[in-house]
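Asks: Shown below is the structure under consideration.
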Amino acid sequence: MNIKQISVIGAGTMGNGIAHVFSQSGYSVTMIDREQGPLDKALARIAKNMDRQINKGKLSEEDKENALQRIITSTDIAQGVTTADVIIEVVSENMAVKEAVLSAVDSAAKKDAIIASNTSSISITKLASFTNRPERFIGMHFMNPVPVMKLIEVIRGYATSQETMDTILALSKAIGKVPVEANDYPGFVANRILIPMINEAIYTLHEGVAGVEEIDTVMMLGMAHPMGPLHLADFIGLDVVLSIANVLYDGFGQGKYAPCPLLVNMVNAGKLGAKTGEGFYVYTPGSKDKTVSPQFK
């Protein structure tokens, strides 16, 4: 396929990051959300992130302006996807929401358009069933922050065609990413390995083996991880970690995937990590400073 037009549904952190990398790589992008407010905020975030690239000498002011001009916004799904060659769904990890969005996209999109989902753990085969084009449905799991992280997990659903796979692999490379193929099993590769590690770190804290900073320090200095698992959980969002853990537990039915009770309690208490200001650490607004939550001192 000759891919020129990309539509991104969802203007949150992942959605604006995906729009950023496609526009910077020369593609026309339509960014879609339910209201104009999130779209305006997303455009401002993209501009700010491009300014960071300029300051690091990775982008010119002219390139930034050209990239921003390639992004348009829409609050109408049908209108926003009509001419797209590839549509990437980046809405919340909620099956009912995804079903409604994907059904609407399928009805409005060109017959030969490819629909991709950025889901981090939900079955691509299941999501494809909400459309009439399972052979042209695929997973594109970008990593956060999208403009920085090189990996894209490309997930083949049960009916995904080889042509669709080849097209998305080539498209991923065209935007400077490294695609890795995976088959459609719970958590794919990244989260099947990452989430149990984070969950085990939470169990280690829950059982009193070591404190928050001690656990993170062991993994950073002993295993060369750039960020400790508890800090990373806060960064991802503890509600997201729990959701993926439940997908793994439900999908495999094995006790090793059972979410730690401490994780469940923290989510129920609204302590979701950096986005709420407190998780395993307490975060200072507008700063990278953090301290261990009083709950764990």
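The values are calculated or read from the model by the stated rules, or taken from the named source; none is laboratory data. Quick caveat, the model's predicted, so the values are computed rather than measured. Neighbour counts are summed over all protein chains in view; Cβ atoms, including those assigned to glycine, are modelled from backbone coordinates with ideal geometry.
Asks: From Ala42, Ala78, Ala84, grab the single residue that is touching a residue at least 60 places away in the same chain (Cβ under 8 Å) and of a type in the set (Gly, Ala, Ser).
Replies: Only one candidate passes the filter, namely Ala84.
Listed here are the residues, each with its yes/no results for (1) at pLDDT below 95; (2) outside the structural domain of Ala233 (by TED's automatic domain parsing); (3) aliphatic (A, V, I, L, M); (4) part of a helix (DSSP H, G or I).
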{"position": "Leu127", "(1), (2), (3), (4)": "no, yes, yes, yes"}
{"position": "His141", "(1), (2), (3), (4)": "no, yes, no, no"}
{"position": "Glu163", "(1), (2), (3), (4)": "no, yes, no, yes"}
{"position": "Leu169", "(1), (2), (3), (4)": "no, yes, yes, yes"}
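Asks: Here is a list: Glu99, Glu93, Glu62. Which entry is closer than 17 Å to Gly10 by Cα, surrounded by fewer than 20 Cβ atoms within 10 Å (Cβ to Cβ), at pLDDT 95 or above and among the acidic types (Asp, Glu)?
Replies: Answer to the check: Glu99.
Asks: Suppose we keep only residues that are free of Cβ contacts under 8 Å to residues at least 24 places away in the same chain and of a type in the set (A, V, I, L, M, F, W, C) within region 128-149. Which one would you say is farthest from Asn183 (Cα to Cα)?
Replies: Ranking the candidates gives Val148 first.
Asks: When region 186-209 is examined, which residues are found to be of a type in the set (Val, Ile, Thr) and assigned to a helix (DSSP H, G or I)?
Replies: Matches in region 186-209: Ile193, Ile195, Ile198, Ile202, Thr204.
Asks: I would also like to ask the following. Say whether the condition of being closer than 26 Å to Lys290 by Cα, of a type outside the set (S, T, N, Q) and surrounded by fewer than 15 Cβ atoms within 10 Å (Cβ to Cβ) is met by at least one residue in region 241-261.
Replies: yes
Asks: Please verify whether region 111-127 includes one or more residues that are farther than 24 Å from Glu181 by Cα, surrounded by fewer than 14 Cβ atoms within 10 Å (Cβ to Cβ) and out of contact with any helix residue (DSSP H, G or I) (no Cβ under 6 Å at 6 or more places or on another chain).
Replies: yes
Asks: Check Val292, Val240, Val264 and return the single one that is touching a residue at least 40 places away in the same chain (Cβ under 8 Å), more than 20 Å from Val189 (Cβ to Cβ) and not aromatic (Phe, Trp, Tyr).
Replies: After applying the criteria, what remains is Val292.
Asks: I'm told Lys297 meets every condition in (1) within 23 Å of the chain's Cα centre (by Cα); (2) of a type outside the set (Gly, Ala, Ser); (3) not assigned by TED's automatic domain parsing to the domain that holds Leu205 except one. Can you identify the failing condition by its number?
Replies: (1)
Asks: Collect the residues in region 210-234 that are under 20 Å from Pro294 (Cβ atoms) and either under 18 Å from the mean Cα position of the chain (by Cα) or not in a helix (DSSP H, G or I) (or both), keeping them in residue-number order.
Replies: Ala210, Gly211, Gly228, His231, Ala233, Asp234
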